[in-house]
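**Q** Okay, handing you the structure first.
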Amino acid sequence: MTGRRTAQVCLTLGGLIAWAIQFTIIYGVTSTLCGRGWADTALLGMGAVQITILLATLTALAAAAILLIVSLRQERQQRDHPASATDTFLNESGVLINGLSLVVILWHGVPAVILPACA
Amino acid sequence: MFLWTVPVAGCGGVQSALDPAGGDAWDLYRLTIVMTVGATLIFVFVTALLLYAVFAPPERRAWLGTRRTIVYGGLAFPIVVLSLLLPYGLVVMRDTDVPQPGALQIEVTGEQYWWRVRYPAEGDQAEFSTANELIVPIGRPITVSVTAADVIHSFWIPNLGGKIDMIPGRINRFNFTAERPGLYRGICAEFCGAQHARMAFDVMVLEPTEFEVWRQSQAQPAQEPAIPHLARGRDLFRAGGCGSCHMVRGTEANGQFGPDLTHVGSRRTIGAGQFPNNVGTLAGWIANVQQIKPGAKMPSYGSLTGEDLRAMAGYLESLK
Ligand SMILES: [Cu+2]
């Protein structure tokens with residue numbers, strides 16, 4: 001695979017990777033803090049679990065948003081210049097995957113604002 | 001409308017999640033209805049579209065394949081629906097099964113194949129044990145602490161809330177408030193062995209004053225036999241060794257293995273919700289446990305004479 005192709009695939013799957021990282025951090029940190037009894041530690045009136053989820057979610061959202069913008073731009077460019085079937089596929093998948101990742105990352109943050117940390 | 005009543009008839013009653021008798025149970029019921037009705041409507045709609053896509057003339061069905069239809073129907077619609085359902089489900093999760101201050105504490109242990117029930121001391125009220133029944137006052141929050149003695153069981157009173165696993169060596173808590181007086185039925189909801197299906201219990205929701213009367217009488221030691229026939233039953237109970245497994249407070253029977261029988265006569269059912277409680281079923285139980293509940297951890301006493309059996313059953317029945 002050429003360097004260009006690698007970058008393209010990373011862009012296509014980037015949203016999923018952002019989601020996977022957010023997922024791992026949220027689940028790992030929540031169960032560790034709750035299991036060790038550290039969940040009550042608070043900063044600025046917010047529990048440690050909530051802060052972690054908030055930061056992980058915002059970071060992942062930002063990443064997915066940037067990836068979505070880049071893939072939208074790619075897709076628009078490609079409309080003007082005829083591209084290979086592989087390029088078209090990767091670009092369109094990128095828009096779809098990064099867009100959906102945005103939604104799913106948001107969904108993963110929602111429980112933090114509704115449920116108590118160690119429910 | 002008429003057809004709708006067919007599947008729904010028989011869903012009310014003492015053991016039904018579709019007949020809620022408390023706030024939490026109502027929340028769960030509403031969630032179930034929203035999910036079921038919503039899913040049905042969407043399913044019917046999608047199936048109709050599918051049939052249309054298959055059978056409609058090509059020029060009429062063409063719009064189904066447009067980018068616009070896919071983006072709105074296949075992406076936007078599910079995202080919106082799920083984005084609404086997610087917070088709704090989480091709010092129900094947050095608001096049900098919440099421990100309340102001042103809740104009545106009850107401890108229930110799942111055993112193969114019955115329920116050990118303990119009401120810890122509270123104020124002037126002494127602690128006591130019973131089995132296979134949960135009596136609670138209406139309107140007061142209840143916290144049931146559950147665990148298991150042998151294998152995993154699950155504690156479920158469909159009319160009053162969700163299930164809670166009973167795990168050996170671990171205490172789980174289940175919180176609810178009963179808001180409609182009456183008789184309900186709880187069941188074991190986790191396969192626990194051969195007689196899992198015969199592991200149920202009665203739940204009685206009483207007015208607070210009736211509950212206090214019940215609670216005080218349960219804390220009393222067992223009644224002395226009033227007539228010779230019953231005294232004979234007590235002596236046979238003693239001679240038969242029943243007391244090595246069963247507790248009858250106020251007598252030397254102090255077994256811990258099986259259900260506390262101090263007030264067994266006051267229970268509605270015996271055998272973990274299996275038979276109405278009367279002299280006949282008690283006698284049948286004693287003589288034939290292994291035929292009617294094979295694998296239950298009590299031996300059959302099949303060699304007792306009819307007369308002895310009646311005296312023993314009469315004695316147990318008199319333990320109100
Ligand atoms: Cu069981």
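The values are calculated or read from the model by the stated rules, or taken from the named source; none is laboratory data. Computed from a predicted model, the values in this text were never measured in an experiment. Note: ideal-geometry Cβ built from the backbone for every residue, glycine included; neighbour counts use all protein chains shown. Note: accessible area is taken over every heavy atom of the protein model, side chains too, but ligands, DNA and RNA are not part of it. Shrake-Rupley method; radii C 1.70, N 1.55, O 1.52, S 1.80 Å.
**Q** Please go through the stretch A:62-119 and give me each residue that is aliphatic (A, V, I, L, M), away from chain B (no Cβ under 14 Å) and buried (at least 17 other Cβ atoms within 10 Å of the Cβ), ordered by number.
**A** If the condition is that a residue be aliphatic (A, V, I, L, M), away from chain B (no Cβ under 14 Å) and buried (at least 17 other Cβ atoms within 10 Å of the Cβ), then A:Ala63, A:Ala64, A:Ala65, A:Leu67, A:Leu90 are the ones that fit.
**Q** For the subset of the stretch B:151-199 comprising residues that are acidic (Asp, Glu) and either within 14 Å of the chain's Cα centre (by Cα) or open to solvent by less than 60 Å² (accessible area, probe 1.4 Å) (or both), which member is nearest to the ligand (Cβ to nearest atom)? Give the derivation first.
**A** Here is the first cut: in the stretch B:151-199, the ones acidic (Asp, Glu) are B:165, B:179, B:190.
Going one step further and asking which of them are either within 14 Å of the chain's Cα centre (by Cα) or open to solvent by less than 60 Å² (accessible area, probe 1.4 Å) (or both), we end up with B:165, B:190.
Numbers: B:Asp165: 11, B:Glu190: 6 Å.
Only one residue fits best here, namely B:Glu190.
**Q** Considering only residues that are touching a residue at least 60 places away in the same chain (Cβ under 8 Å), open to solvent by 10 Å² or more (accessible area, probe 1.4 Å) and away from the ligand (no atom under 16 Å from the Cβ), which ones fall in the stretch B:105-132?
**A** Once the filter is applied, which keeps residues that are touching a residue at least 60 places away in the same chain (Cβ under 8 Å), open to solvent by 10 Å² or more (accessible area, probe 1.4 Å) and away from the ligand (no atom under 16 Å from the Cβ), the stretch B:105-132 yields B:Gln125, B:Ala126, B:Glu127, B:Ser129.
**Q** Also, quick follow-up: Can you name the condition, by its number, that A:Ser31 falls short on among (1) more than 26 Å from B:Leu75 (Cα to Cα); (2) within 14 Å of chain B (Cβ to nearest Cβ); (3) assigned to a helix (DSSP H, G or I)?
**A** Of everything listed in (1) more than 26 Å from B:Leu75 (Cα to Cα); (2) within 14 Å of chain B (Cβ to nearest Cβ); (3) assigned to a helix (DSSP H, G or I), A:Ser31 misses just condition (2).
Matching residues to (1) without any contact (Cβ under 8 Å) to a residue 12 or more places away in the chain; (2) more than 24 Å from B:Ala25 (Cα to Cα); (3) more than 14 Å from chain A (Cβ to nearest Cβ):
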{"site": "B:Thr69", "(1), (2), (3)": "yes, yes, yes"}
{"site": "B:Val80", "(1), (2), (3)": "yes, yes, no"}
{"site": "B:Gly89", "(1), (2), (3)": "no, no, no"}
{"site": "B:Val92", "(1), (2), (3)": "no, no, no"}
{"site": "B:Asp97", "(1), (2), (3)": "no, no, no"}
{"site": "B:Ala103", "(1), (2), (3)": "no, no, yes"}
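**Q** Right, another one. Examine the stretch B:151-159 for a residue that is more than 14 Å from chain A (Cβ to nearest Cβ), more than 18 Å from B:Gln15 (Cβ to Cβ), part of a strand (DSSP E or B) and polar (S, T, N, Q), and state whether such a residue exists. Working first, answer last.
**A** So the first thing to find is which residues in the stretch B:151-159 are more than 14 Å from chain A (Cβ to nearest Cβ), and the list is B:151-159.
Next cut, more than 18 Å from B:Gln15 (Cβ to Cβ) only: B:151-152.
Applying the additional criterion that residues be part of a strand (DSSP E or B) yields none.
Checked against the condition, which is being more than 14 Å from chain A (Cβ to nearest Cβ), more than 18 Å from B:Gln15 (Cβ to Cβ), part of a strand (DSSP E or B) and polar (S, T, N, Q), the stretch B:151-159 yields no hits at all.
**Q** Only one residue in B:Thr262, B:Thr269, B:Thr251, B:Thr209 is without any contact (Cβ under 8 Å) to a residue 60 or more places away in the chain and either closer than 25 Å to B:Gly182 by Cα or assigned by TED's automatic domain parsing to the domain that holds B:Ser16 (or both), so which one is that?
**A** B:Thr209
**Q** Answer yes or no as to whether B:Gly89 is over 27 Å from the mean Cα position of the chain (by Cα), over 29 Å from B:Ala197 (Cα atoms) and not assigned by TED's automatic domain parsing to the domain that holds B:Leu160.
**A** no
**Q** Would you check if B:Ala311 is touching a His at 6+ places or on another chain (Cβ under 7 Å) and either of a type outside the set (Val, Ile, Thr) or on the phi > 0 side of the Ramachandran plot (or both)?
**A** Values: touching a His at 6+ places or on another chain (Cβ under 7 Å): yes; either of a type outside the set (Val, Ile, Thr) or on the phi > 0 side of the Ramachandran plot (or both): yes.
Yes; evaluated as a whole, the condition is true for this residue.
**Q** Can you name the residue in the stretch B:133-150 that is more than 16 Å from the ligand (Cβ to nearest atom) and assigned to a loop (DSSP other than H, G, I, E, B) and, of all such residues, is farthest from the other protein chains (Cβ to nearest Cβ)?
**A** Only one residue fits best here, namely B:Ile138.
**Q** For the stretch B:55-74, give me each residue that is open to solvent by less than 50 Å² (accessible area, probe 1.4 Å) and part of a helix (DSSP H, G or I).
**A** Scanning the stretch B:55-74 gives B:Leu64, B:Thr69, B:Gly73, B:Gly74.
**Q** Going by the structure shown, is A:Thr24 closer than 19 Å to A:Thr6 by Cβ, exposed (fewer than 13 other Cβ atoms within 10 Å of the Cβ) and either at pLDDT 90 or above or away from chain B (no Cβ under 14 Å) (or both)?
**A** no
**Q** Could you check B:Phe191 against (1) hydrophobic (A, V, I, L, M, F, W, C); (2) in a loop (DSSP other than H, G, I, E, B); (3) not assigned by TED's automatic domain parsing to the domain that holds B:Val151 and say which number it fails?
**A** Here B:Phe191 clears every test but (3).
**Q** Here's something else I'd like to know. Which members of the stretch B:295-314 meet the condition of being more than 18 Å from B:Thr281 (Cβ to Cβ) and touching a residue at least 40 places away in the same chain (Cβ under 8 Å)?
**A** Within the stretch B:295-314, B:Gly295, B:Lys297 qualify.
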